[in-house]
Every structure is written in C-alpha cells, then in structure tokens.
C-alpha cells in the first residue's frame with residue numbers, strides 16, 4: 001500500500017509514534033531499541049478502538065515510559081542530546 005492510500009491522520013499518528021520510540025530509546029539506553037519499540041507498539045495497539053485519536057501519541061508515550069521505567073533506570077534529561 002502506498003503512503004497516498006493511507007489517510008493523512010494515520011500517517012501523522014504513525015510518525016508521532018516513531019518519534020515516541022526515538023525519545024524513549026534515548027531515555028532508556030540500557031534497554032534494547034527493539035524492546036522499547038515493542039512496548040510502544042503494544043501500548044499503541046491497546047488504543048486501537050478509540051475514536052478520538054488526537055492524544056494517542058501522548059497517551060502511548062506516558063504508558064510506555066511507565067512500563068520502561070520499571071525495567072531500567074533512565075538517563076538524566078540534561079544528558080540527552082536534542
């Protein structure tokens with residue numbers, strides 16, 4: 001399926017989820033990136049049935065961060081290069 005076949009809102013949400021993976025991957029460097037991505041995608045799919053999608057990336061990031069925090073010690077925010 002081409003990008004044009006996917007509605008813009010879905011592409012935007014998928015892009016935002018990719019950014020969540022990047023941020024949390026940086027925040028939890030002791031965890032494998034594939035594991036961070038798995039957690040983020042699990043949280044994202046928990047919200048599949050929601051009709052209002054505007055806040056999905058924020059909700060996903062919050063829940064994934066909490067799950068990852070239980071597994072690893074995050075690096076201090078000031079040590080993350082932005």
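What follows draws every value from the coordinates through simple rules; no lab data is involved. In this text, all values refer to a predicted model and were calculated from it rather than measured experimentally.
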When the chain is fully extended, how far beyond the present Cα-Cα distance does residue 72 get from residue 38, taking 0.36 nm per residue of separation? 10.7 nm
Could you give the angle, 0 to 90 degrees to the nearest 10, between helix 56-71's Cα long axis and the longest principal axis of the Cα atoms of the chain? 30 degrees
Among (i) 3, 14, 21, 20, 15, 10, 7, 6, 3, 1, 0; (ii) 3, 15, 25, 22, 17, 10, 6, 2, 0; (iii) 3, 15, 28, 24, 19, 9, 1, 0, find the value of P(r) over Cα pairs in 5 Å bins from 0, in percent that was calculated from the structure presented, and write down its label. (ii)
What's the angle, to the nearest 10 degrees (0 to 90), between helix 33-46's Cα axis and the longest principal axis of the chain? 50 degrees
With everything on Cα atoms, drop me the angle between helix 8-27 and the longest principal axis of the chain, reported from 0 to 90° to the nearest 10. 10 degrees
Is it possible to state the helix-based mean residue ellipticity at 222 nm for the chain, with each DSSP H run of 4+ residues giving -39500 (n - 2.57), the sum divided by total residues, to the nearest 500 deg cm²/dmol? What is it? -20500 deg cm²/dmol
